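This structure is in structure tokens; I'll ask about it shortly.
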Amino acid sequence: MAKKMISVKVNGRTHEEAVEPRTLLVHFLREKLNLTGAHIGCETSHCGACTVDVDGRSVKGCTHLAVQCDGSEVLTVEGLAQGGVLHAVQEGFYKEHGLQCGFCTPGMLMRAYRFLQENPNPTEEEIRAGMSGNLCRCTGYQNIVKAVQYAAARLQQTAKEAA
Amino acid sequence: MIPPAFDYHVPRSVGEAVALLGSLGADAKLLAGGHSLLPMMKLRFAQPAHLIDLNRISALRGIREDGATVRIGAMTVENDLIASPVLQARVPLLVEAAKLIADPQVRNRGTIGGDIAHGDPANDHPALSLALDATFVLAGPDGERTVKADDFFLGTYVTALAENEILTEIRVPAFAPKTGSSYHKLKRKTGDWATAGAAVVLRLDGARVAHARIGLTNVGPTALRAADAEAALIGKPLDDASIESAAQAAMAICDPADDLRGDREYKTAMAGQMVRRAIRAAAARAQ
């Protein structure tokens, strides 16, 4: 089973790697690139702990082949903070205590990051629907919803200040 | 869990994909969104020697109106069905239903064509395509042919798609004025398959039902068209009595398997309830 060369931009940096076709995106990120932020949870596309951004859409890295990302741009949780400053979603999870054990958090952050671009001013119901592909077994979700609300307000404030 | 090893092929056109399928034969599987096939490969329920990835064939994506028909590329993902102004205006049933399929991330990968061609009675698009009277376009080495949804689903994981063919397009009649539709799906949680689901499309002529089509999800070896339930509505006034006889006729054809979602009796009762609710919701929209 011949390896394939892929060129993929991850968190702004281009990587050229030979991958086995069966290599899943989450394994490629963790084992080839040492980006261990995306977690391997259920491995069946239910839990969302492996959520990353591929070409501007949220996907589950456990059910996506690395070879399919040839030419793609991938963003992982390691790429969220810029210049040592937390992204608004990270700040929200920190301020609102949107995590306990933290296992689901990288996936939650990456989904929240994309969701707030899809819907910058969501209702609570829309947040719950938008985040429904990510499971958390600690928090009961209440503080996760608050964290996303915090981030939405922060991002809107930043946008206003920039305008 | 890592899938077994395979060779990966990435055609750029339908013709190239059909040629690959022809040369690689039964050892090859087509890869659409991958959210059924990759989990099955991880569990070794499927071990294809070759995957032919359809994701780079841009001609297989997109939604367009062609007269009174809406043509949907087989590789169009669920989130693109939801976002489509054409479907919102002309076939709103698909927009409503796609929101009930899987979760936001999976809807970025899962495709309408993959959902249909997989032949799983638990998938939602088979029953939807029965209710919509959809036609499927199949491309093979000798060109294209079309098969009605009514004639496509032959058994669990068995369809009219030949081994050397690819489902390329789903053609759906655009809704005529005063058409109402609804999909009701009982599920335990986000991302679950239906315990039972019902898709209803109907049109009223005054107080009487002029047109009705009903498809059922996950209550038999294939998605089911509830033709007797349709007959119980057509030509009748839409009232408690006709809705109840339609629900009873739908329940009469249910043949679900017992599993963790419930036993036969429960699933059959829930199918009846989904039919009642979907008829009422569709009727409210048919005014």
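Could you tell me whether any residue of segment B:86-96 is more than 22 Å from B:Leu138 (Cβ to Cβ), touching a Gly at 6+ places or on another chain (Cβ under 8 Å) and modelled with pLDDT of 95 or more?
For segment B:86-96, residues more than 22 Å from B:Leu138 (Cβ to Cβ), touching a Gly at 6+ places or on another chain (Cβ under 8 Å) and modelled with pLDDT of 95 or more: absent.
Being small (Gly, Ala, Ser) and within 15 Å of A:Ala153 (Cα to Cα) is the filter here; which residues of segment A:88-130 pass it?
Hits for segment A:88-130 are A:Ala88, A:Gly92, A:Ala112.
Another one. Only one of (1) over 28 Å from B:Glu78 (Cα atoms); (2) in the same structural domain as A:Lys9 (by TED's automatic domain parsing) fails for A:Phe93. Which number is that?
A:Phe93 satisfies all of (1) over 28 Å from B:Glu78 (Cα atoms); (2) in the same structural domain as A:Lys9 (by TED's automatic domain parsing) except (2).
Give the residues of segment B:103-137 that are farther than 17 Å from B:Ala223 by Cβ and either assigned to a loop (DSSP other than H, G, I, E, B) or acidic (Asp, Glu) (or both), sorted by residue number.
Hits for segment B:103-137 are B:Asp103, B:Asn108, B:Arg109.
Scan segment A:102-115 and give yes if some residue there is closer than 22 Å to B:Gly191 by Cβ and exposed (fewer than 15 other Cβ atoms within 10 Å of the Cβ), otherwise no. Talk me through it step by step, then tell me what you get.
The initial filter retains those residues of segment A:102-115 that are closer than 22 Å to B:Gly191 by Cβ, namely A:103-115.
Applying the additional criterion that residues be exposed (fewer than 15 other Cβ atoms within 10 Å of the Cβ) yields none.
There is no residue in segment A:102-115 that is closer than 22 Å to B:Gly191 by Cβ and exposed (fewer than 15 other Cβ atoms within 10 Å of the Cβ).
Mind listing whichever residues of segment A:6-25 are away from every other protein chain (no Cβ under 12 Å) and assigned to a strand (DSSP E or B)?
Hits for segment A:6-25 are A:Ser7, A:Val8, A:Lys9, A:Val10, A:Arg13, A:Thr14, A:His15, A:Glu16, A:Glu17, A:Ala18.
Give the residues of segment A:15-72 that are surrounded by fewer than 18 Cβ atoms within 10 Å (Cβ to Cβ) and among the β-branched types (Val, Ile, Thr), sorted by residue number.
Listed by number, the residues that qualify are A:Thr36, A:Ile40, A:Thr44.
Count, please, the residues in segment A:26-40 that happen to be away from chain B (no Cβ under 11 Å), within 14 Å of A:Val77 (Cβ to Cβ) and out of contact with any Leu (no Cβ under 6 Å at 6 or more places or on another chain).
Residues flagged as away from chain B (no Cβ under 11 Å), within 14 Å of A:Val77 (Cβ to Cβ) and out of contact with any Leu (no Cβ under 6 Å at 6 or more places or on another chain) within segment A:26-40 amount to 6.
When only residues in segment B:15-49 that are aliphatic (A, V, I, L, M), more than 21 Å from B:Asn108 (Cα to Cα) and crowded, with 19+ Cβ neighbours inside 10 Å count, which is farthest from the other protein chains (Cβ to nearest Cβ)?
At the first step, the residues of segment B:15-49 found to be aliphatic (A, V, I, L, M) are B:17-21, B:24, B:26, B:28, B:30-32, B:37-38, B:40-41, B:43, B:46, B:49.
Now restrict to residues that are more than 21 Å from B:Asn108 (Cα to Cα): B:17-21, B:24, B:26, B:28, B:43, B:46, B:49.
With the extra rule that they be crowded, with 19+ Cβ neighbours inside 10 Å, the set shrinks to B:17-18, B:21, B:28.
Working: B:Ala17: 15, B:Val18: 21, B:Leu21: 17, B:Ala28: 13 Å.
Among those residues, the one meeting the criterion is B:Val18.
Also, quick follow-up: State all residues of segment B:55-91 that are in contact (Cβ under 8 Å) with a residue 60 or more places away in the chain, outside any loop (DSSP other than H, G, I, E, B) and closer than 23 Å to B:Leu202 by Cβ; if no residue qualifies, say none.
Across segment B:55-91, the qualifying residues are B:Glu65, B:Thr69, B:Val70, B:Ile72, B:Arg90.
Next question. Name the single residue, out of those in segment B:1-14 being within 24 Å of B:Ile112 (Cβ to Cβ) and in a strand (DSSP E or B), that is nearest to the other protein chains (Cβ to nearest Cβ). Steps first, please.
Here is the first cut: in segment B:1-14, the ones within 24 Å of B:Ile112 (Cβ to Cβ) are B:3, B:8-14.
With in a strand (DSSP E or B) added as a condition, the list becomes B:8-9.
On the way: B:Tyr8: 4, B:His9: 9 Å.
Result: B:Tyr8.
Could you count how many residues in segment B:213-258 are charged (D, E, K, R) and either assigned to a helix (DSSP H, G or I) or out of contact with any helix residue (DSSP H, G or I) (no Cβ under 7 Å at 6 or more places or on another chain) (or both)? Write out each step before concluding.
So the first thing to find is which residues in segment B:213-258 are charged (D, E, K, R), and the list is B:213, B:225, B:228, B:230, B:236, B:239-240, B:244, B:255, B:258.
Among the residues that remain, those that are also either assigned to a helix (DSSP H, G or I) or out of contact with any helix residue (DSSP H, G or I) (no Cβ under 7 Å at 6 or more places or on another chain) (or both) are: B:228, B:230, B:239-240, B:244, B:255.
Going through segment B:213-258 one residue at a time, the tally reaches 6.
Further question on the same structure: Going by the structure shown, is A:Asn143 touching a Lys or Arg at 6+ places or on another chain (Cβ under 6 Å), within 24 Å of A:Gly41 (Cα to Cα) and touching a residue at least 24 places away in the same chain (Cβ under 8 Å)? First the steps, then the outcome.
On the way: touching a Lys or Arg at 6+ places or on another chain (Cβ under 6 Å): no; within 24 Å of A:Gly41 (Cα to Cα): yes; touching a residue at least 24 places away in the same chain (Cβ under 8 Å): yes.
Here the answer is no, as A:Asn143 does not meet what is asked.
Scan segment A:73-101 residue by residue and report those that are buried (at least 23 other Cβ atoms within 10 Å of the Cβ) and under 10 Å from the mean Cα position of the chain (by Cα).
Result: A:Val74, A:Thr76, A:Val77.
Enumerate the strands (runs of 3 or more DSSP E) found wholly within segment A:48-105, keeping only those where 1 or more residues are among the polar types (S, T, N, Q). Spell out the reasoning first.
Details: elements: A:51-54, A:57-60, A:73-75.
Result: A:51-54, A:57-60.
Go over the candidates A:Ala129, A:Ala112 one by one and state the one that is without any contact (Cβ under 8 Å) to a residue 40 or more places away in the chain, under 16 Å from the mean Cα position of the chain (by Cα) and not in a loop (DSSP other than H, G, I, E, B). First the steps, then the outcome.
Working: A:Ala129 fails: under 16 Å from the mean Cα position of the chain (by Cα).
Only one candidate qualifies: A:Ala112.
The values are calculated or read from the model by the stated rules, or taken from the named source; none is laboratory data. Quick caveat: nothing in here was measured; it's all calculated off a predicted structure. Backbone-built Cβ (ideal geometry, glycine too); neighbour counts: all protein chains shown.
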